[in-house]
Structure formats: C-alpha cells, structure tokens
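Q: Can you keep this structure in mind? I'll have questions shortly.
The values are calculated or read from the model by the stated rules, or taken from the named source; none is laboratory data. Being a predicted model, the structure only gives us computed values, none of them experimental. Glycine gets a Cβ as well: all are built from the backbone with ideal geometry, and neighbour counts include every protein chain shown.
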C-alpha cells in the first residue's frame, strides 16, 4: 500500500528546518494565518539565493536563471521547467536540502497561488528586487570589499531590507489593527532587515573572505588606514576600529527594528516573538563581536544555546509590555557603540520589474566594479 502523498504545504514545513534553523525556530511562532505565507516567501528567497551562490554557474547563466525565476514568481513562466533547467546544474557545493528545494519550486509556487492578491504581490516584489540587486553585487564581489559606505546600505536593502518591507505587507494584510500603523511600519521596515543582515556580515566576515567576497565598505576602513584586500588574520587594530564603527550602525538599525516591533499590537504575541527573538540574538552577537575584536571565525562569536534560551524566555515573559521589552533590549545591547543620528533606510530608484531591462539603472550599480 503506497504512502499518502505529502501536501505542498506539508512539504514546505518539512523542508524549512533543513534550509534554515533560525527561521524553523521563529516562523512557527507566527499565527497560522501568517505562517504559511512567511514560509513560502522565505523558501522562494532561499531558491534565489541558492542560484546566486552556486559556483558552477557563470555570471551569465546566473543572471538568466534569476530572470527566469522572477518570471516564475510573476506567473509568467513554468516552475517545473525552471527546476528542470537549474537543478541538474547544482553541484555538491550546494546543500542537498537546497537542491531538493529547487527541484520542488513548483510545490512552493502552488502554495503561493492560493494566497490573496496582496500576499502574492508582496512576495513577487520581494523576489524581483532581491534577485536583481543581489546579482548586481555578487557578480563584482571580491575581498576588496565594497567601494562606498552607501554600497553597504544598498546591498543590505536588496538582500534584507526588502524582506522587512515584505513582512510589513504580510503583517498588515493579516490584521486591520496592524494596518493602522502601516506608514510608520513601512518607514522602519528596511532597518528590521538591515540590522540583522549587518550583524551577519560582521559575524561572517572571515568565512565570506574565504569564499572570495567581502561586504565591508573600503571607504570607511580607509579612514583607519586599512586595505581590505590585504587583511591579516584578525584584521589588526585599524580593522577592529572600523568594525566597532559598523557595530554602532548595526545597533542603530536594531533600535529602529525594536520600534518597528513595538508598533505591532501587544496581543499579537506570535508576531512579536518572531521579531524579538531575532533582535535579541542580533544584539547579543554584536556584543560578542565587540568583546572579541580579534576573532577569526564566526563560531568564536556565536551566541551560546543558553543565551538563546534565555532570550526566548525573557521576551516571552515581557512580550506584551513595551517598557519591559525596551529594558530587556537595553540590557542585551549594554555597552554597544551607537552611531549618532539617522541611518539610511532604502536606496532611490529601486526597480519593480528589474529583469525587464537589459542593464541595471546606473544608481543601482555597486561600487565593486570600479575597484
């Protein structure tokens, strides 16, 4: 007797922990009406990221496949045909779970097709913007880093800030009470993504360099007498000073992200947990980086399991109490530098259908090409 075939939604739930331990922890905190949409959005972002990261693909093939994937999400190309083209090209450098996910693109898209229009449109825009911007930066990636400070802001927007905007649309579509704060949420949404992304960039700086990439801005490090192309292990004093300045910028984004989270009504405890767990762990990671400035591997500044558990326990206890949550954040971020003033939130000229044009608009090109 044959087993009952797994539903498409069940496939999503089954594959999620194999491609992201973090989101497998936080997404289940969301209310059921949001859980499936956020899972689908994440998995589609992961498919785009898998295509971009596959080293066996040429820059031309990567761009072609990302364009085809964007058309799949727009409903203008067949998901099964996309998978048949891409999956055989993925090598052992890509995780087996990610290869499986690409093979099952059609299953994720069938789930998305059942969403309401606002959810579908938000996810479609996310993939359009992310796929375009991510590739513009990845194709010029090198250990020389990004040329300008603004390039880091733009890169973080494309790979993470757009996710904050997508979550805002999904959250507001779910709840009329959340929708009342739409303008304020949307204004802060890129910081929710950028604070988390900058934390990952700082933590993974040495692993990225080993893969031939660096997402730090040379402009900032030039002020400290550092050439990112020739960093010694641990970076040295000037490099560590530059990292401290970037921690201050990431810290400011995390504070914006806390404001974003507290705009979610207190009775939406699942959405608040989803946001708060990520913010608390990011703040603790920045503390670890600051306390171990000469680290040479991300594992050396990884937050302990006990700290993860404590973050979950404390935020769960205080989840409805804004004042207590702010005190908990101050405790987690104690001693971190903080850049003065506002931080950039989103670049100008973000395309809504990036793959319709042969070339990216000039303002969207990253600085790496001129290095």
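Q: State all residues of the range 100-116 that are part of a helix (DSSP H, G or I), within 15 Å of residue 41 (Cβ to Cβ) and out of contact with any helix residue (DSSP H, G or I) (no Cβ under 6 Å at 6 or more places or on another chain); if no residue qualifies, say none. Can you show your working first?
A: Taking the range 100-116 first, the residues part of a helix (DSSP H, G or I) are 100-103, 105-113.
Still in the running and within 15 Å of residue 41 (Cβ to Cβ): 101, 105, 107-113.
Within the range 100-116, just 113 meets the criteria.
Q: Additional query: Among the numbered conditions (1) modelled with pLDDT under 90; (2) closer than 24 Å to residue 144 by Cβ, tell me where residue 295 comes up short.
A: (1)
Q: Give the number of residues within the range 132-151 that are buried (at least 24 other Cβ atoms within 10 Å of the Cβ) and over 19 Å from residue 53 (Cα atoms).
A: 0
Q: Does the range 63-77 contain at least one residue that is within 28 Å of residue 273 (Cβ to Cβ) and part of a loop (DSSP other than H, G, I, E, B)?
A: No - not one qualifying residue is present in the range 63-77.
Q: A further question follows. Taking the range 1-30, which residues are buried (at least 17 other Cβ atoms within 10 Å of the Cβ) and more than 22 Å from the chain's Cα centre (by Cα)?
A: Those that are buried (at least 17 other Cβ atoms within 10 Å of the Cβ) and more than 22 Å from the chain's Cα centre (by Cα): 8, 9, 11.
Q: Say whether the condition of being free of Cβ contacts under 8 Å to residues at least 40 places away in the same chain, surrounded by 22 or more Cβ atoms within 10 Å (Cβ to Cβ) and not assigned by TED's automatic domain parsing to the domain that holds residue 214 is met by at least one residue in the range 57-76.
A: Checked the range 57-76: at least one residue is free of Cβ contacts under 8 Å to residues at least 40 places away in the same chain, surrounded by 22 or more Cβ atoms within 10 Å (Cβ to Cβ) and not assigned by TED's automatic domain parsing to the domain that holds residue 214.
Q: Sticking with this one: Out of all the residues in the range 170-193, which are within 16 Å of residue 261 (Cβ to Cβ), buried (at least 20 other Cβ atoms within 10 Å of the Cβ) and either in contact with a strand residue (DSSP E or B) (Cβ under 7 Å, 6 or more places away or on another chain) or without any contact (Cβ under 8 Å) to a residue 60 or more places away in the chain (or both)?
A: 193
Q: Kindly indicate whether residue 225 is part of a loop (DSSP other than H, G, I, E, B), assigned by TED's automatic domain parsing to the domain that holds residue 325, farther than 15 Å from residue 141 by Cα and touching a helix residue (DSSP H, G or I) at 6+ places or on another chain (Cβ under 7 Å). Give the derivation first.
A: Values: part of a loop (DSSP other than H, G, I, E, B): yes; assigned by TED's automatic domain parsing to the domain that holds residue 325: yes; farther than 15 Å from residue 141 by Cα: yes; touching a helix residue (DSSP H, G or I) at 6+ places or on another chain (Cβ under 7 Å): yes.
It is true that residue 225 is part of a loop (DSSP other than H, G, I, E, B), assigned by TED's automatic domain parsing to the domain that holds residue 325, farther than 15 Å from residue 141 by Cα and touching a helix residue (DSSP H, G or I) at 6+ places or on another chain (Cβ under 7 Å).
Q: State which residue is modelled with the lowest pLDDT when the search covers only the range 347-368 and only residues that are within 21 Å of the chain's Cα centre (by Cα) and surrounded by fewer than 19 Cβ atoms within 10 Å (Cβ to Cβ).
A: 365
Q: OK, next. Just wondering, is there one or more residues in the range 239-250 that are assigned to a loop (DSSP other than H, G, I, E, B), at pLDDT 95 or above and surrounded by 22 or more Cβ atoms within 10 Å (Cβ to Cβ)? Spell out how you get there, then give the answer.
A: Let us first name the residues in the range 239-250 that are assigned to a loop (DSSP other than H, G, I, E, B), namely none.
No.
Q: Give the number of residues within the range 202-222 that are assigned to a helix (DSSP H, G or I) and either touching a residue at least 24 places away in the same chain (Cβ under 8 Å) or surrounded by 23 or more Cβ atoms within 10 Å (Cβ to Cβ) (or both).
A: Going residue by residue through the range 202-222, those that are assigned to a helix (DSSP H, G or I) are 202-203, 205-210, 218-222.
Subset that is either touching a residue at least 24 places away in the same chain (Cβ under 8 Å) or surrounded by 23 or more Cβ atoms within 10 Å (Cβ to Cβ) (or both): 202-203, 205-207, 209, 218-221.
Selection size over the range 202-222: 10.
Q: Within the range 194-216, is there a residue that is in contact with a helix residue (DSSP H, G or I) (Cβ under 7 Å, 6 or more places away or on another chain) and within 19 Å of residue 122 (Cα to Cα)?
A: Scanning the range 194-216 turns up at least one residue that is in contact with a helix residue (DSSP H, G or I) (Cβ under 7 Å, 6 or more places away or on another chain) and within 19 Å of residue 122 (Cα to Cα).
Q: Among the listed residues 87, 33, 48, identify the single one that is in a helix (DSSP H, G or I), buried (at least 20 other Cβ atoms within 10 Å of the Cβ) and either touching a helix residue (DSSP H, G or I) at 6+ places or on another chain (Cβ under 6 Å) or on the phi > 0 side of the Ramachandran plot (or both). Step through it out loud before you land on a result.
A: Values: 87 fails: buried (at least 20 other Cβ atoms within 10 Å of the Cβ); 33 fails: buried (at least 20 other Cβ atoms within 10 Å of the Cβ).
The match here is 48.
Q: Mind checking which residues of the range 301-325 are in contact (Cβ under 8 Å) with a residue 12 or more places away in the chain and over 12 Å from residue 280 (Cβ atoms)? Even if it seems obvious, please write down each step before you answer.
A: Within the range 301-325, the first condition is being in contact (Cβ under 8 Å) with a residue 12 or more places away in the chain, and the residues that meet it are 301-303, 307-308, 311-312, 314-316, 319-322, 325.
Result: 301, 302, 320, 321, 322.
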